[in-house]
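Here is the structure we will look at.
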Amino acid sequence: MIMAFDERLLNGMGVLCAVVDTGSFAGAGEALDMSQPGVSRAIARLEARLGIRLFDRTTRSVSLTDEGHRFYAQVMPLLSGLEEAASMARQGRTAVRGRLRVNMDPFFSRMTLGPKLGAFLQKHPDLELELVTRDRLGDMVADGFDLAVRFGEPQPSSLIARKLLETRILTVASPAYLKHHGRPPAPADLAKDGHTCIQYRDPETGRLFEWEFHRGRKILPVATRGALTVNDVGTMHSVCVAGYGIAQVMAFGVEPLLASGKLIDLFPDWPDERFPLYALYPSRHYVPAKTRVFLDFVMSLQA
């Protein structure tokens with residue numbers, strides 16, 4: 001006969017251990033906040049499930065039978081193991097430790113996250129971080145990721161999406177390009193002949209990034225043209241710095257290029273377009289501490 005392991009059986013084992021520990025049904029009731037008749041019923045149900053008598057009971061004493069001794073000796077290590085496992089799981093809710101596997105946007109990882117990771121890991125010495133950079137999200141759960149951090153509005157799914165931060169979108173060109181082609185006075189001039197715009201195709205959605213300019217509530221779309229389309233942000237930066245064309249880029253990662261004068265922000269009077277960075281994870285309930293501190297770390301990198 002195969003006996004199903006369920007909550008009632010587990011509860012009965014707990015009552016059994018309480019009776020042994022306290023030496024009486026009354027003591028077990030006090031320890032478990034149960035009535036004495038409730039303890040008696042729980043033991044009776046456990047005996048019925050097992051098909052053995054666990055206790056010899058008299059009006060003055062309670063003692064384990066031989067079968068009860070053997071069962072108790074087998075049960076105690078199992079209950080201790082369950083209690084230890086539950087304790088470790090509870091600690092995982094508050095302790096920053098264990099392995100965290102993150103699916104990360106490659107450009108953000110290389111340019112913004114990477115330089116700060118050492119200090120983050122030194123702050124959390126019991127954390128093991130596996131950072132996997134991918135152009136696409138893929139099937140996050142099937143691939144064994146605890147968390148994903150991706151740019152752009154997330155596609156509809158069962159995943160929980162939490163916006164971490166937003167970065168500004170800038171329209172930039174190199175001094176060499178501007179010397180040869182002139183600086184466009186306004187965004188609408190980019191649609192005219194004489195200007196080359198580098199197009200970007202989102203590797204996640206496969207769609208071209210549409211050029212827009214935002215100022216407060218005003219949104220100005222511009223139909224730009226260019227012979228070159230890329231799906232890698234780093235390549236777009238290098239081509240733009242080399243003087244080939246004009247690009248729309250995230251503020252993340254180009255601050256040094258702007259500060260050094262290698263790239264020029266063409267339209268600082270159109271400053272309000274933003275691009276989001278999201279965290280994606282399987283459930284909003286019981287998010288482990290290791291996940292929470294990593295999300296806080298990413299949010300601290302706001303540009």
Pick from region 43-67, criterion under 13 Å from Gly12 (Cβ atoms) and β-branched (Val, Ile, Thr), ranking: surrounded by the fewest Cβ atoms within 10 Å (Cβ to Cβ): Ile52
Pair list, Cβ under 9 Å, 6 or more apart: region 57-76 residue touching a residue at least 24 places away in the same chain (Cβ under 8 Å) and assigned to a helix (DSSP H, G or I), other residue of a type in the set (Gly, Ala, Ser) and loosely packed, with under 12 Cβ neighbours inside 10 Å: none
Helices (runs of 4 or more DSSP H) completely within region 229-303 that count 2 or more residues being under 20 Å from the mean Cα position of the chain (by Cα): 289-299
From the options Gly206, Gly152, residue that is within 23 Å of Pro106 (Cα to Cα) and surrounded by 15 or more Cβ atoms within 10 Å (Cβ to Cβ): Gly152
Pair list, Cβ < 9 Å and 6+ apart or interchain, from region 8-19 residues that are at negative phi to residues that are at pLDDT below 80 and not in a helix (DSSP H, G or I): Leu9/Met3
Where Leu159 falls short, out of the listed (1) within 15 Å of Gln248 (Cβ to Cβ); (2) within 32 Å of the chain's Cα centre (by Cα): (1)
Leading residue by the ranking (surrounded by the fewest Cβ atoms within 10 Å (Cβ to Cβ)) among those in region 14-42 that are in contact with a strand residue (DSSP E or B) (Cβ under 8 Å, 6 or more places away or on another chain) and assigned to a loop (DSSP other than H, G, I, E, B): Gly23
Matching residues in region 135-149 - criterion: being touching a helix residue (DSSP H, G or I) at 6+ places or on another chain (Cβ under 7 Å) and open to solvent by 80 Å² or more (accessible area, probe 1.4 Å): Asp135
All positions within region 13-33 that are modelled with pLDDT of 85 or more and acidic (Asp, Glu): Glu30, Asp33
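Results for (1) in contact with a Leu (Cβ under 6 Å, 6 or more places away or on another chain); (2) modelled with pLDDT of 90 or more, shown as yes or no for each residue.
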site: Phe107; (1), (2): no, no
site: Pro125; (1), (2): no, yes
site: Phe151; (1), (2): yes, yes
site: Ser158; (1), (2): no, no
site: Lys163; (1), (2): no, yes
site: Arg168; (1), (2): no, yes
site: Thr171; (1), (2): yes, yes
Close pairs (7 angstrom Cβ cut-off, 6 or more residues apart or separate chains): open to solvent by 80 Å² or more (accessible area, probe 1.4 Å) in region 109-120, of a type in the set (A, V, I, L, M) anywhere: Lys116/Leu301
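The values are calculated or read from the model by the stated rules, or taken from the named source; none is laboratory data. Keep in mind that what you see is a predicted model, and the values were worked out from it rather than measured. With ideal geometry, Cβ positions are generated from the backbone for all residues, glycine too; neighbour counts draw on all protein chains shown. Calculation scope for accessible area: heavy atoms of the full protein, side chains included, ligands and nucleic acids excluded. Shrake-Rupley method; radii C 1.70, N 1.55, O 1.52, S 1.80 Å.
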